Amino acid sequence: MRKLLAITAIGSWIFASPVAAEPTAVFEAASTARMENPHDLKLSPDGRYLFVSDVGNNRVVILDPEALNEVAAFGSDHQSGTHDVDFDAAGRAYVADTHNNRVTVYELDKWTATLVAQLSERIRGPEGVYVHPNGRVYVAGAWSGNVVAYENGKVVAELTGLSSPHDLEGDGNGGIWLADAGNNRLLLLSPDLEIRRELKGEPYNFNGVRYLDVLSDGTIIAADKNSHTVKIISGDGKLVMVIGTGKAGRGPGQFTTPEGIETRGDTLWISDSGNDRIVRYRLNLNR
């Protein structure tokens, strides 16, 4: 395919340079596994499996990330309102067990998940959990309107005054992006939970922003639940792309109240929560 050229004249010289192509997101597949209102999702540390918070079934369901079929599940006998999953350096799974007001910690042996610990101090209705490279565990209490940092199981920092905070994800430089859903904004936090930056209002127009992922170059991909879209924002704050029509639907390029986001390379997985499914897209940001 021939590239388009932009022509620039400087004095008597004429320069031709390629015009950057528009970013694209191409629908590839949708899950067939039985789920009810799936929320955030996370690849296993080895990348072989996709762990999904299956809220309506009070469990973590494990999918093949390519076929998107169910291979295992755990937690339905003791979790209630499962919202988020993350892993620490040792491979333990941290699960936001929302309606039980706690984060549950599991040792995993293939499909066997053994509950070994929990975090519950100063949080209610946790909907986001993030294990930082510094070893701290950060939890967003959606009902308590706060973010709490735990170190060795003890509270070491807290940010209050939030409204239904949801996902927490690292920015690759030690900072933490937070979806402050009720305030329709993203906040960049320090490891000590000081606010460093805010993304709000134009051009983002967030409407219940929920879960997100951050690429290696700082690009943020965020599920904006109530606008039925996924928004992609560059590291310098530019709104690069919006995936979705803005109206609830089920066809390619449509979502109904999307919640979860996970990426690997040019693959993007989205929890199309209102449609009870996970969808996979091929993403090309033409960077």
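The values are calculated or read from the model by the stated rules, or taken from the named source; none is laboratory data. This one's a predicted model, so the numbers in the text were calculated from it and none came from an experiment. Cβ coordinates were reconstructed from backbone atoms using ideal geometry, including for glycine residues, and neighbour counts include every protein chain displayed.
Exactly one condition in (1) buried (at least 23 other Cβ atoms within 10 Å of the Cβ); (2) over 28 Å from Asp224 (Cβ atoms); (3) of a type outside the set (D, E, K, R) is false for Leu212; which is it?
Tallying (1) buried (at least 23 other Cβ atoms within 10 Å of the Cβ); (2) over 28 Å from Asp224 (Cβ atoms); (3) of a type outside the set (D, E, K, R), Leu212 fails exactly one: (2).
Can you name the number of the only condition in (1) surrounded by 13 or more Cβ atoms within 10 Å (Cβ to Cβ); (2) at pLDDT 95 or above; (3) part of a loop (DSSP other than H, G, I, E, B) that Val95 fails?
(3)
Under 6 Å between Cβ atoms, which residue pairs at least 6 apart in sequence (or on different chains) link something in the range 264-285 that is over 13 Å from Glu28 (Cβ atoms) and touching a residue at least 40 places away in the same chain (Cβ under 8 Å) with a partner that is of a type in the set (Asp, Glu) and surrounded by 24 or more Cβ atoms within 10 Å (Cβ to Cβ)?
Ser271/Glu259; Ser273/Glu259
Residues in the range 139-162: is at least one within 24 Å of Val52 (Cβ to Cβ), part of a loop (DSSP other than H, G, I, E, B) and free of Cβ contacts under 8 Å to residues at least 60 places away in the same chain?
Yes - at least one qualifying residue is present in the range 139-162.
Looking at the range 141-198, which of its residues are on the phi > 0 side of the Ramachandran plot and either among the aliphatic types (A, V, I, L, M) or in contact with a Gly (Cβ under 9 Å, 6 or more places away or on another chain) (or both)?
To start, the set of residues in the range 141-198 that are on the phi > 0 side of the Ramachandran plot comprises 145, 152-153, 161, 164, 172, 174, 184, 193.
Listed by number, the residues that qualify are Gly145, Asn152, Gly161, Ser164, Gly172, Asn184, Leu193.
Among all residue pairs at least 6 apart or on different chains, which show Cβ distances below 9 Å where the first residue, located in the range 92-105, is in contact (Cβ under 8 Å) with a residue 12 or more places away in the chain and farther than 24 Å from Pro133 by Cβ and the second is of a type in the set (Phe, Trp, Tyr) and surrounded by fewer than 23 Cβ atoms within 10 Å (Cβ to Cβ)?
From the range 92-105, the pairs are Thr98/Trp143; Asn101/Trp143.
Would you say Leu199 is surrounded by 15 or more Cβ atoms within 10 Å (Cβ to Cβ), aliphatic (A, V, I, L, M) and part of a loop (DSSP other than H, G, I, E, B)?
On the way: surrounded by 15 or more Cβ atoms within 10 Å (Cβ to Cβ): yes; aliphatic (A, V, I, L, M): yes; part of a loop (DSSP other than H, G, I, E, B): no.
Judged against the criteria, Leu199 is not a match.
Which residues, taken from the range 152-174, are in contact with a Lys or Arg (Cβ under 7 Å, 6 or more places away or on another chain) and over 19 Å from Val105 (Cβ atoms)?
Those that are in contact with a Lys or Arg (Cβ under 7 Å, 6 or more places away or on another chain) and over 19 Å from Val105 (Cβ atoms): Glu158, His166.
What tally of residues in the range 259-275 results from selecting those that are closer than 14 Å to Leu285 by Cβ and of a type in the set (Ser, Thr, Tyr)?
Number satisfying all stated conditions: 2.
Keeping to the range 60-92, report how many residues are under 17 Å from the mean Cα position of the chain (by Cα) and in a strand (DSSP E or B).
Number satisfying all stated conditions: 10.
Just the residues that are surrounded by 17 or more Cβ atoms within 10 Å (Cβ to Cβ) and not aromatic (Phe, Trp, Tyr), please, taken from the range 172-185.
Result: Gly175, Ile176, Leu178, Ala179, Asp180, Ala181, Asn183, Asn184, Arg185.
Cβ-Cβ under 8 Å, sequence separation 6+ or interchain: first residue in the range 110-131 and among the small types (Gly, Ala, Ser), partner in a loop (DSSP other than H, G, I, E, B). Which pairs?
Going by the 8 Å Cβ cut-off, the qualifying pairs are Ala113/Gly75; Ala117/Gly153; Ser120/Asn101; Gly125/Asn101; Gly125/Ala142; Gly125/Trp143; Gly125/Ser144; Gly128/Ala142.
Within the range 98-146, can you find the residues that are among the acidic types (Asp, Glu), more than 18 Å from Asp167 (Cα to Cα) and modelled with pLDDT of 95 or more?
First, the residues of the range 98-146 that are among the acidic types (Asp, Glu): 107, 109, 121, 127.
Next cut, more than 18 Å from Asp167 (Cα to Cα) only: 107, 109, 121.
Glu107, Glu121, listed by residue number.
Provide a single number: the residues in the range 257-267 that are within 26 Å of Thr82 (Cβ to Cβ) and out of contact with any Lys or Arg (no Cβ under 7 Å at 6 or more places or on another chain).
Step one: list which residues in the range 257-267 are within 26 Å of Thr82 (Cβ to Cβ), which gives 257-264, 267.
So of that shortlist, the ones also out of contact with any Lys or Arg (no Cβ under 7 Å at 6 or more places or on another chain) come out as 260-261, 263-264.
Within the range 257-267, residues that are within 26 Å of Thr82 (Cβ to Cβ) and out of contact with any Lys or Arg (no Cβ under 7 Å at 6 or more places or on another chain) number 4.
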